[in-house]
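Note sheet for the following structure.
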Amino acid sequence: MSQDRNVPLGFALGLVGIVIFGATLPATVFALEVYGPLFIASARAVVAGVLSLIVLLSHGRTRLFRPSWRLLLAGAMVTFGFPAFSSLGMVSVPASDGGVVLGILPLATAMFAALLTAERPGAVFWAWAVAGSVLVVWFVIGQDGGAVRDFSNPGYLWLLASAVSAALGYVVMAELSKSMPGWEVICRVLIACLPFNLAISWFLWEPEYAFIETVPALALGYHAVFSMFLGFFAWNAGLALGGIARVGQIQLMQIFVTIGLSVWLLGETVTLRTLIFACAVAATVWFGRRARIG
């Protein structure tokens, strides 16, 4: 199959991953009703790590631990860095705002791809990527009526740190996905970091966590099974098939998945301004995906 024929499939798989990831921040809001932000990060990785052991063994991969700096780096970024920073951000930032801040992910992913891989996005791609990111920043800074948000809240900085962590982790895993299936990459990443996340979860355990409350427990379960595990099956494969920089642009749509779910699950209101920005950002994704990637 040629690279050009791989691109549509890469985009389809990437979109599946983004829909799954888009529910992460709303789920975090529910999980924070009971669990601490750092415990959410480590516990979800522990559950996903155990699932990874089962999956690898069921596929005959008996060599479970592979010493690799790339596996460890990706694991540090996606199994703890992103979930820890984003959970800390969600303590004080609305889920819809958090989703918009993460709109810088496509540009950050493309930058790491240019630095760490053979991909060389052309000027047209960069123009659309920057345009989409500027729209996202504009959306974050402004409010209805022309007012400017108060950004003294440190939660926004935590969310920016989470975006950088995710972007770096995505690029490293996408490179690994060129030599092994995407599902195997996330499984090996999770297993590589499983001892660390087990230790962190044990240290952060609180007695009240033993008394399960349905909604927070389901939210934590979503983090573990979907955000940390199944979502990466599709996302890693999509990046490897369609190109990291090009397919990474789909992340601009994650903001609107998050906002839509925040409205549905958290009762937030969608304004005309939000809809306008949704259409504008979607346009940058469309034109950006058509740009040549070297």
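Do any chymotrypsin sites (Phe, Trp or Tyr not before Pro) in the range 1-66 lie in a loop, going by DSSP, with at most 11 other beta-carbon atoms within 10 Å of their beta carbon, and if so which?
F65
Roughly speaking, what % of Cα-Cα pairs in the range 141-256 are separated by over 20 Å, rounded to a whole number?
For the range 141-256, the share of Cα pairs beyond 20 Å comes to 59 percent.
If we count every other residue with Cβ under 12 angstrom of L176's Cβ, Lys/Arg +1 and Asp/Glu -1, where does the sum land?
Its environment carries a net charge of +2.
Can you tell me the Rg and the Dmax, both Å, for the Cα atoms in the range 228-279?
In Å, with Rg to one decimal and Dmax whole: 13.9, 37.
Quick one: plug the Kirkwood hydrodynamic radius of the range 45-142 (C-alpha pairs) into Stokes-Einstein at 4 °C, 1.567 mPa s, and report D in µm²/s.
It comes out at roughly 79 µm²/s.
Enumerate the amide H contacts of E268 below 5 Å, restricted to partners 5 or more residues apart or on another chain; note that Pro and chain-start residues carry no placed amide H.
So E268 has HN proximity to V263.
Looking at the range 1-81, what % of the alpha carbon pairs are farther apart than 23 Å?
Roughly 44 percent, once rounded to a whole number.
Please list 90-98, 74-82, 200-208 highest first by mean number of surrounding beta-carbon atoms within 10 Å per residue.
Peptide ranking by packing, descending: 74-82, 90-98, 200-208.
Which whole-number percent is the relative contact order of the chain (Cα, under 8 Å, 6+ apart)?
41 percent
Can you tell me the mean projection area, over all orientations, of the convex hull of the range 201-292's alpha carbons? Units nm², please.
With every direction weighted equally, the projected area is 8.6 nm².
Rank-order 41-50, 241-250, 279-288 by packing density, defined as the average count of other C-beta atoms within 10 Å over each peptide's residues, highest first.
Ranked by mean Cβ neighbours within 10 Å, highest first: 241-250, 41-50, 279-288.
Please state, rounded to one decimal and in Å, the Kirkwood hydrodynamic radius that the range 77-205 gives when every pair of distinct Cα atoms enters the mean of 1/r.
The Cα-based Kirkwood calculation yields 16.4 Å.
Roughly what % of Cα-Cα distances in the chain sit above 26 Å, to the whole percent?
That tail contains 41 percent of the Cα-Cα pairs.
Compute the separation of the alpha-carbon centres of the range 4-77 and the range 217-294 and state it in Å as a whole number.
First find each Cα centre; the distance between them is then 16 Å.
With the full set of protein chains in place, find how many percent of the accessible area of the range 184-293 is carbon and sulfur; take the probe as 1.4 Å.
Roughly 73 percent of what the probe reaches on the range 184-293 is carbon or sulfur.
Would you mind telling me which residue in A108, A12, A23 has the biggest mean-square fluctuation in a Gaussian network model of the chain, where springs connect alpha carbons within a distance under 10 angstrom?
A12
The values are calculated or read from the model by the stated rules, or taken from the named source; none is laboratory data. All values reported here derive from a predicted model rather than from experimental measurement. Note that we place each Cβ from the backbone using ideal geometry, even for glycine, and neighbour counts take in every protein chain shown. With ligands, DNA and RNA removed, areas are computed over all heavy atoms of the protein, side chains included. Shrake-Rupley method; radii C 1.70, N 1.55, O 1.52, S 1.80 Å.
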